[in-house]
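Please read the structure below before turning to the comments.
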Amino acid sequence: MVSTSSELIFNLIPRLFVWMLLILIVIIIVTFIFDISQSKNAILRNYPVVGHFRYLFSNLGEFFRQYFFAMDREEMPFNRAEREWVNRASKDKDNTIAFGSTKNLNTPGSIIFINSFFPSLDSDAVQTKSISIGEGYSKNPYTANSIFNISGMSYGSISKPAVLALSGGAKKADCWMNTGEGGLSSYHLKGGADLVFQIGTAKYGVRNDDGSLNDQKLADIAKHDQVKMFEIKISQGAKPGKGGILPGIKINTEISKIRGIPKGVDSISPNRHIEVSSSSELLDMINHVRNISEKPVGFKTVIGHIRFLEDLLDEINKRGHESAPDFITIDGGDGGTGAAPMELLDNVGLPLRESLPRVLSTIIQYGLKDRIKVIASGKMITPSDVAWAICTGADFVTSARGFMFAIGCVQSLKCNKNTCPTGITTHNKRLQKGLNPKNKSVKVANYVKNMTKAIEVIAHSCGVKEVRLLNRTHVRIVQTDGKSIPMDELSSRYHNIKGEDK
């Protein structure tokens with residue numbers, strides 16, 4: 001009986017092969033006829049059938065480069081060395097390397113921290129102090145314990161299990177999580193983390209039908225004890241001057257309800273708040289939101305010209321310090337997003353390395369550094385990035401893509417397609433199955449823990465006992481001639497140049 005079955009299968013194999021070959025030939029013939037008949041694509045018409053391989057290889061190229069060809073420090077937007085550091089940190093694995101650095105320290109803009117002859121002993125180190133935001137100006141100031149926090153990623157741009165993983169991990173790590181501009185979902189609250197509610201230009205979650213701010217909805221959001229602060233988004237690094245973009249394929253029934261928008265229809269936010277067309281009106285909106293919410297309020301922006309900030313600070317000093325934002329989040333033009341036009345992504349807005357020092361120097365000049373806390377955001381995923389921002393004068397650093405890597409992002413660059421292979425930026429249930437919020441929340445907490453530990457190592461190497469004691473004298477920036485200059489000297493040069501940015 002077994003022999004008969006084997007013989008039957010053996011006899012069927014040649015027939016199956018013949019049928020498969022015939023089907024393949026038919027497909028090739030049909031494709032050939034279609035290619036030479038169409039007039040939209042010159043390559044396919046001139047090279048029928050084989051021309052399709054050009055597009056296949058082009059699409060596969062980005063993946064082959066990532067895994068086989070690119071060196072550790074070559075890729076963009078994040079190279080393998082950076083991604084692997086986050087990966088090891090999130091798994092709580094040893095993050096030491098052998099033989100020597102693969103980083104070229106002669107590249108202009110490179111950061112070199114100045115080690116002390118007498119570094120701080122571990123026994124002398126003290127815990128990084130907490131900072132209160134809105135103290136004396138808000139009825140409910142927020143004491144933030146973590147230097148490193150989660151930047152805005154909305155439910156909609158990322159998936160339900162991703163939000164659960166991030167909120168749960170933020171709670172474990174005692175850091176805050178920014179909701180992004182998509183409104184407040186139950187998944188944000190379920191993790192128990194401290195939340196910063198972001199008000200985007202479309203005002204999702206706190207909007208009227210005409211897109212204006214709904215004060216009652218805002219007050220209802222503020223009633224949640226987990227919501228600690230409100231951030232008004234003026235612009236973000238990946239698309240300054242352009243509102244949020246959420247493809248209709250990612251807007252399901254639940255997201256439609258949370259945001260207050262139609263299901264399945266592309267959601268394009270206005271390119272600015274309709275109420276805000278000047279520094280004065282921005283301060284009016286900040287104070288309006290603060291009065292209703294009774295919680296600290298700030299704004300997020302990309303810097304294109306320092307003149308905007310000078311106008312704002314002038315207006316604050318005229319009105320009084322109570323009118324100031326409790327914090328300002330500075331996003332770099334090198335920031336990321338799930339969907340943005342390439343012309344904005346590549347060419348608009350100052351990178352954080354240039355804008356952050358200028359912003360902080362200007363705030364100090366106007367005597368408002370103690371009043372306004374500064375949060376640095378944009379492509380900050382490794383300890384050197386965060387320590388540099390603290391040296392510059394930032395009070396906190398937030399990251400979105402670093403935390404995406406922590407929960408499994410592989411930089412497939414498909415965030416806007418609803419086909420994310422790791423389940424982070426898709427609402428496809430099959431793809432989401434691979435993302436376990438409970439397990440991933442541990443990785444989020446590990447990432448924050450090991451980031452904090454690594455920044456402390458840098459601080460102790462520089463000779464200070466606590467991270468917040470780092471300043472511009474502790475870091476040098478490599479110039480075009482390959483030599484480095486202390487950051488405090490560069491800052492002095494900037495302020496001595498008369499008429500710059502005027």
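Within segment 113-136, at least one residue is outside the structural domain of residue 455 (by TED's automatic domain parsing), in contact with a strand residue (DSSP E or B) (Cβ under 7 Å, 6 or more places away or on another chain) and over 30 Å from residue 283 (Cβ atoms). The sole residue among 202, 170 that is touching a residue at least 40 places away in the same chain (Cβ under 8 Å), crowded, with 23+ Cβ neighbours inside 10 Å and not in a loop (DSSP other than H, G, I, E, B) is 170.
Taken together, the residues in segment 205-238 that are free of Cβ contacts under 8 Å to residues at least 60 places away in the same chain and outside any helix (DSSP H, G or I) amount to 11. Within 19 Å of the chain's Cα centre (by Cα), in contact (Cβ under 8 Å) with a residue 12 or more places away in the chain and on the phi < 0 side of the Ramachandran plot: does that describe residue 159? Spelling it out, residue 159 is indeed within 19 Å of the chain's Cα centre (by Cα), in contact (Cβ under 8 Å) with a residue 12 or more places away in the chain and on the phi < 0 side of the Ramachandran plot. Looking across segment 173-184, the residues that are assigned to a loop (DSSP other than H, G, I, E, B), touching a Phe, Trp or Tyr at 6+ places or on another chain (Cβ under 9 Å) and either under 15 Å from residue 446 (Cα atoms) or small (Gly, Ala, Ser) (or both) come down to 175, 180, 182, 183. Within segment 81-103, can you find the residues that are surrounded by fewer than 14 Cβ atoms within 10 Å (Cβ to Cβ), touching a helix residue (DSSP H, G or I) at 6+ places or on another chain (Cβ under 8 Å) and not charged (D, E, K, R)? 102, the sole residue that qualifies. For segment 104-123, filtered to residues that are of a type in the set (A, V, I, L, M) and outside any loop (DSSP other than H, G, I, E, B), the residue that is surrounded by the most Cβ atoms within 10 Å (Cβ to Cβ) is 111.
The residue of segment 365-379 that is surrounded by the most Cβ atoms within 10 Å (Cβ to Cβ), among those that are under 13 Å from the mean Cα position of the chain (by Cα) and in a loop (DSSP other than H, G, I, E, B), is 378. Annotation note: Cβ proximity below 6 Å between a residue of segment 410-423 that is over 19 Å from residue 440 (Cα atoms) and a residue that is surrounded by 15 or more Cβ atoms within 10 Å (Cβ to Cβ) and β-branched (Val, Ile, Thr) (sequence gap 6+ or interchain) occurs for 418/249; 418/426.
Beta carbons closer than 6 Å, at least 6 apart along the sequence or on distinct chains, pair a first residue in segment 250-279 that is farther than 17 Å from residue 179 by Cα with a second that is in a helix (DSSP H, G or I) and of a type in the set (A, V, I, L, M) for 275/285; 276/282; 276/285; 279/312. If the condition is being under 29 Å from the mean Cα position of the chain (by Cα) and not hydroxyl-bearing (Ser, Thr, Tyr), then segment 317-333 contributes 324, 325, 326, 327, 328, 330, 331, 332, 333. Every condition in (1) buried (at least 21 other Cβ atoms within 10 Å of the Cβ); (2) closer than 19 Å to residue 271 by Cβ holds for residue 210 except the one numbered (1).
Exactly one residue out of 274, 306, 292 is out of contact with any Phe, Trp or Tyr (no Cβ under 6 Å at 6 or more places or on another chain), modelled with pLDDT of 85 or more and surrounded by fewer than 16 Cβ atoms within 10 Å (Cβ to Cβ), and it is 274.
The values are calculated or read from the model by the stated rules, or taken from the named source; none is laboratory data. Since this is a predicted model, take the numbers as computed values, not measurements. Heads up, the Cβs are rebuilt from the backbone with ideal geometry, glycines too, and the neighbour counts pull from every protein chain shown.
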